[in-house]
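Following: one structure in structure tokens, then a few remarks.
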Amino acid sequence: MPSRIAIALVTVALLSVGFVTLADEHGPAEYVGSYRWRSDDPAFGGFSGLEVSADGAQFWAVTDKGVLAVGRLERDAAGRISQVTPFVPVPLLDYQDIPIGGAWKDAEGLALAPDGTLFVSFEILHRVWKYDAAGTFRGPAGDRKVFSDLQNNSSLEPLAIDDDGVLLTLPERSGVLTRPFPVYRFRGGHWEQPYGLVRRPPFLPTGADFGPDGKLYLLERHFNGVFGFQSRVRRFTVTPDGLSDEETLLETLTGQHDNLEGIAVWRDEAGDIRLTMISDDNFRAFQRTEFVEYRLKE
């Protein structure tokens, strides 16, 4: 999450100089559309993790304030999002059935298991917890001590689960520009750190999902100072020994979208793979919460 001071500086700059782009969009992904989601509820905003049903109609999202949102995406004849269910906050609870608060509440990643269990990764007090759709705590996913050496406020963001129920996660930062991101794998009730992911600056990982093709899709973000945010999506084949067959599917213009942090991958009626993403507005009035979609014709 970018610092508050940096974001405040962006506000002043954008108001004074307007919109500027620093990069050309490239990659095979085609832009479908964006939908700005609004609500007056004080709990609205800060969306960092996203899941979408196989038909693209239902979604689940978590926020930096430890809130779960469950709703539906209505679409027009062209398949673009035309309406979103009104926001109804569902507090994520702790093991005492009390809404999580303080440093415990910074939910970042979300993964939906085949049995309906929701796995949520948290960034400040590094851990992954299990929930149901009502926000009820269903236990920890393994021992959080494995994450104890990760940086504060730069740890677990992407979280994805495959069809076999194996979780993958990695931190937002690796500590050194030339150091790979450690990839953590949860299977058999235990976490392990079997391999890393080569870091390709200046982007940092914010979201991940396994697609219907079985590949891992990684959403990354670059905070380009006063000019705003730039996003990248890469795709990998997952093997027992690492991530291979790296492809860059999308690299957006700087400032083209807001702070995209959550990604869900599914296949639409035309047989195209859809990348549905949601932005984290950091609860700032000058930012926006938006769903953004791209498609891959393969």
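Remarks
- Residue within the stretch 250-265 that is in contact with a strand residue (DSSP E or B) (Cβ under 8 Å, 6 or more places away or on another chain), farther than 13 Å from Ser231 by Cα and of a type outside the set (A, V, I, L, M) present: no
- Residue in the stretch 128-141 that is nearest to the chain's Cα centre (by Cα), counting only those that are within 15 Å of Trp191 (Cα to Cα) and crowded, with 19+ Cβ neighbours inside 10 Å: Val128
- Against the criterion of being within 26 Å of Ala43 (Cα to Cα) and open to solvent by 40 Å² or more (accessible area, probe 1.4 Å), Phe291 does not qualify.
- Residue match in the stretch 112-125 (condition: aromatic (Phe, Trp, Tyr) and open to solvent by 50 Å² or more (accessible area, probe 1.4 Å)): no
- Top-ranked residue in the stretch 88-111 [being assigned to a loop (DSSP other than H, G, I, E, B) and open to solvent by less than 20 Å² (accessible area, probe 1.4 Å); ranked as farthest from Phe147 (Cα to Cα)]: Leu92
- Which listed residue is open to solvent by 10 Å² or more (accessible area, probe 1.4 Å), touching a residue at least 12 places away in the same chain (Cβ under 8 Å) and acidic (Asp, Glu), from Glu220, Glu247: Glu247
- Within the stretch 169-180, tally of residues that are open to solvent by 10 Å² or more (accessible area, probe 1.4 Å), touching a residue at least 12 places away in the same chain (Cβ under 8 Å) and not polar (S, T, N, Q): 6
Yes/no matrix, rows are residues, columns are (1) under 13 Å from Ala29 (Cβ atoms); (2) within 16 Å of the chain's Cα centre (by Cα); (3) touching a residue at least 24 places away in the same chain (Cβ under 8 Å):
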{"position": "Val233", "(1), (2), (3)": "yes, yes, yes"}
{"position": "Gly255", "(1), (2), (3)": "no, no, yes"}
{"position": "Asp258", "(1), (2), (3)": "no, yes, yes"}
{"position": "Gln287", "(1), (2), (3)": "no, no, yes"}
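- Residues (buried (at least 19 other Cβ atoms within 10 Å of the Cβ) and either in contact with a Leu (Cβ under 6 Å, 6 or more places away or on another chain) or not charged (D, E, K, R) (or both)) located in the stretch 223-235: Phe223, Phe227, Gly228, Phe229, Gln230, Ser231, Val233, Arg234, Arg235
- Checked against the criterion of being touching a Lys or Arg at 6+ places or on another chain (Cβ under 9 Å), among the aliphatic types (A, V, I, L, M) and in contact (Cβ under 8 Å) with a residue 12 or more places away in the chain, the candidates Ala103, Ala113 yield just one match: Ala113.
- Number of residues in the stretch 47-75 that are surrounded by fewer than 24 Cβ atoms within 10 Å (Cβ to Cβ) and in a loop (DSSP other than H, G, I, E, B) equals 7.
Residues checked against (1) under 18 Å from the mean Cα position of the chain (by Cα); (2) at pLDDT 95 or above; (3) farther than 12 Å from Ala111 by Cβ:
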| site | (1), (2), (3) |
| --- | --- |
| Gln151 | no, no, yes |
| Ser155 | yes, no, yes |
| Ala160 | yes, yes, no |
| Asp164 | no, yes, yes |
| Leu170 | yes, yes, yes |
| Arg173 | yes, no, yes |
| Arg179 | no, no, yes |
| Tyr184 | yes, yes, yes |
| Arg187 | no, yes, yes |
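- For the stretch 70-125, the tally of residues that are farther than 17 Å from Thr289 by Cα, among the hydroxyl-bearing types (Ser, Thr, Tyr) and over 20 Å from the mean Cα position of the chain (by Cα) stands at 1.
- Among (1) free of Cβ contacts under 8 Å to residues at least 12 places away in the same chain; (2) open to solvent by less than 10 Å² (accessible area, probe 1.4 Å); (3) of a type in the set (Val, Ile, Thr), the one test that Thr239 misses: (2)
- With respect to (1) surrounded by fewer than 19 Cβ atoms within 10 Å (Cβ to Cβ); (2) touching a residue at least 40 places away in the same chain (Cβ under 8 Å); (3) among the polar types (S, T, N, Q), the lone exception for Thr206 is condition (1).
The values are calculated or read from the model by the stated rules, or taken from the named source; none is laboratory data. Since this is a predicted model, take the numbers as computed values, not measurements. Backbone-built Cβ (ideal geometry, glycine too); neighbour counts: all protein chains shown. Accessible surface is based on the protein model in full, side chains and every heavy atom, while ligands, DNA and RNA are left aside. Shrake-Rupley method; radii C 1.70, N 1.55, O 1.52, S 1.80 Å.
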